[in-house]
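The values are calculated or read from the model by the stated rules, or taken from the named source; none is laboratory data. Predicted model, so just to flag it, every value in this text is computed and none were measured. Every residue, glycine as well, gets a Cβ built from its backbone with ideal geometry; the counts of neighbours run over all protein chains shown.
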Ligand code: NA7
């Protein structure tokens with residue numbers, strides 16, 4: 001196919017990041033083309049349509065903050081937004097800011113190659129487009145991880161990964177359903193599937209901590225109070241560790257007498273959601289505090305699940321609370337009290353094969369199934385960037401460059417890949433924060449840098465020294481927490497066989513990260529090979 005044109009910027013992806021990048025860059029006078037493989041906007045929220053799909057951040061702050069009018073006009077219906085509502089919100093944003101005219105849907109990028117002073121982007125349909133600056137907005141959790149289990153092709157029933165759920169749903173009524181995986185996704189889907197299925201079998205490898213979400217409809221009064229308070233809410237988010245609008249507790253739980261400590265935990269449990277973690281100071285840095293909190297949650301599991309053997313199997317003992325992504329749920333543990341739900345320990349007796357009629361374990365035990373659901377997660381952070389070819393300066397691919405693990409400067413750019421910017425790339429706080437907050441910060445920062453590049457004609461490319469220093473800081477920040485203790489966590493890339501074990505997101509906190517990015521900009525972007533602006537211009541004139 002012929003030439004698809006030339007724009008200042010090509011943005012790959014039309015989820016939260018891509019939509020905002022288009023809006024922000026266009027408002028700064030750049031011509032922008034967004035390429036999106038789906039036939040609609042939404043990114044993660046376009047694809048993840050599994051039953052119970054819902055955000056763990058609360059709706060009033062899992063949204064854009066760039067336009068106060070948008071904040072005032074949108075009405076969220078529940079404490080946590082469901083998938084359809086988030087997709088509706090993003091469609092509204094696309095319409096409201098007239099974004100669709102610069103988005104090409106159904107275009108799957110296969111290759112992006114550095115080409116002279118710009119990039120050539122080639123799609124699966126053979127079309128190619130050129131730009132000066134390439135911005136990836138491909139998300140962190142968009143490359144499905146389907147385990148390589150022998151025999152899957154022989155399964156006579158239907159199987160689905162939760163991240164590619166059929167758009168017209170899956171009828172599980174009266175059928176025998178199996179779910180593999182008890183991460184955030186499995187924990188959301190299991191109660192909803194159990195309510196409809198004839199029988200649900202959960203194949204659990206690792207027991208997980210989960211906190212009740214306490215989802216509920218939002219009243220007019222609550223919504224009005226939030227809308228009146230938005231400027232203050234946004235200020236708290238900007239100064240926070242995780243981009244959430246709540247302040248972390250300053251109470252040392254271990255100094256409290258037993259009854260007050262218990263009351264603190266109970267109150268946090270009642271409030272529910274990710275606020276539970278925020279109520280326990282140092283829970284991610286102090287092993288003793290974490291052990292105490294973990295024990296509280298284990299006791300809750302025992303209280304909730306009637307059958308003691310099932311309760312024990314559901315009790316996490318191999319990693320501290322919140323060192324893997326902490327799920328939140330609606331009646332997850334209660335679901336195991338249903339007569340149509342059974343739990344199978346596939347750590348003790350691993351899955352050996354998929355057969356025509358179901359799953360077979362290593363012991364030879366057979367579990368007949370009509371529907372098999374893989375809630376087995378994603379090749380996180382690097383997967384989306386390596387799912388197509390990005391070829392930089394000197395013909396070197398990103399895949400080769402990151403063979404031993406990703407290295408970036410600030411999660412925003414990669415040495416050897418001039419004028420490429422990676423929104424929420426590895427090494428940025430991304431998945432450890434409220435994503436829209438992290439995304440807006442990245443896009444605004446990139447937009448400022450592009451304005452400078454447009455004026456000066458410079459090329460931005462991280463220096464190897466800056467990357468090495470940032471890698472050291474990412475490792476230091478992770479090591480200052482208990483996070484690396486969860487050996488099988490996707491934060492470490494450990495969920496994908498053969499993937500390099502590197503702690504992927506930046507755990508130093510959103511506010512600290514933002515300040516680091518601001519310092520980089522104020523210094524004239526030295527980590528991106530640029531100098532103080534006056535020196536550069538003088539050099540250019542001298543030439
Ligand atoms: P996760 O958090 O990666 O969870 C995947 C689950 O699937 C987890 O329980 C895994 O067990 C399990 N798993 C993966 N492969 C297998 C095999 N081969 N056999 C048995 N069990 C397996 O993905 P989610 O989709 O739940 O969540 C991802 C993020 O999306 C979430 O954190 C939110 O940010 C949104 P394991 O723990 O590895 O033993």
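Structural remarks
- Within the set 250, 259, the sole residue that is out of contact with any helix residue (DSSP H, G or I) (no Cβ under 8 Å at 6 or more places or on another chain), free of Cβ contacts under 8 Å to residues at least 12 places away in the same chain and either surrounded by fewer than 16 Cβ atoms within 10 Å (Cβ to Cβ) or part of a helix (DSSP H, G or I) (or both) turns out to be 259.
- Candidates 243, 169 - the one that is in a loop (DSSP other than H, G, I, E, B), within 16 Å of the ligand (Cβ to nearest atom), modelled with pLDDT of 95 or more and within 30 Å of residue 64 (Cβ to Cβ): 243
- When the criteria are applied in full, residue 389 meets the requirement of being in contact with a strand residue (DSSP E or B) (Cβ under 7 Å, 6 or more places away or on another chain), surrounded by fewer than 22 Cβ atoms within 10 Å (Cβ to Cβ) and at pLDDT 95 or above.
- Filter result for residue 370 (more than 19 Å from residue 488 (Cβ to Cβ), modelled with pLDDT under 95 and surrounded by fewer than 21 Cβ atoms within 10 Å (Cβ to Cβ)): no
- Any hit, segment 36-45, residues being under 17 Å from the mean Cα position of the chain (by Cα), at pLDDT 95 or above, within 15 Å of the ligand (Cβ to nearest atom) and not in a loop (DSSP other than H, G, I, E, B): yes
- Within segment 172-182, considering residues that are more than 13 Å from the ligand (Cβ to nearest atom) and assigned to a loop (DSSP other than H, G, I, E, B), the one surrounded by the fewest Cβ atoms within 10 Å (Cβ to Cβ): 174
- Enumeration of residues in segment 141-158 that are within 13 Å of the ligand (Cβ to nearest atom), closer than 21 Å to residue 362 by Cα and either touching a helix residue (DSSP H, G or I) at 6+ places or on another chain (Cβ under 7 Å) or assigned to a loop (DSSP other than H, G, I, E, B) (or both): 146, 147, 148, 149, 150
- Of all residues in segment 197-215, those that are touching a strand residue (DSSP E or B) at 6+ places or on another chain (Cβ under 7 Å) and within 22 Å of residue 277 (Cβ to Cβ) total 5.
- All of (1) assigned to a helix (DSSP H, G or I); (2) within 16 Å of the ligand (Cβ to nearest atom); (3) surrounded by fewer than 23 Cβ atoms within 10 Å (Cβ to Cβ) hold for residue 185 with one exception: (3).
- Entirely in segment 370-453, the strands (runs of 3 or more DSSP E) that have 3 or more residues that are in contact (Cβ under 8 Å) with a residue 60 or more places away in the chain, away from the ligand (no atom under 16 Å from the Cβ) and under 29 Å from residue 146 (Cβ atoms): 389-391
- Across segment 304-329, the number of residues qualifying as more than 15 Å from the ligand (Cβ to nearest atom) and in contact with a strand residue (DSSP E or B) (Cβ under 8 Å, 6 or more places away or on another chain) comes to 1.
- Options 88, 52: the member that is free of Cβ contacts under 8 Å to residues at least 24 places away in the same chain, surrounded by fewer than 21 Cβ atoms within 10 Å (Cβ to Cβ) and under 27 Å from residue 187 (Cα atoms): 88
- Complete set of residues in segment 1-30 that are over 18 Å from the mean Cα position of the chain (by Cα), in contact (Cβ under 8 Å) with a residue 40 or more places away in the chain and not in a strand (DSSP E or B): 1, 2, 22, 23, 24, 25, 26, 28, 30
- Across segment 227-238, a minimum of one residue is classified as within 21 Å of residue 326 (Cα to Cα), away from the ligand (no atom under 16 Å from the Cβ) and crowded, with 16+ Cβ neighbours inside 10 Å.
- Matching entry among 203, 276 (being within 16 Å of the ligand (Cβ to nearest atom), surrounded by 18 or more Cβ atoms within 10 Å (Cβ to Cβ) and part of a helix (DSSP H, G or I)): 276
- The one condition from (1) within 16 Å of the ligand (Cβ to nearest atom); (2) under 13 Å from residue 410 (Cβ atoms) that residue 491 does not meet is (2).
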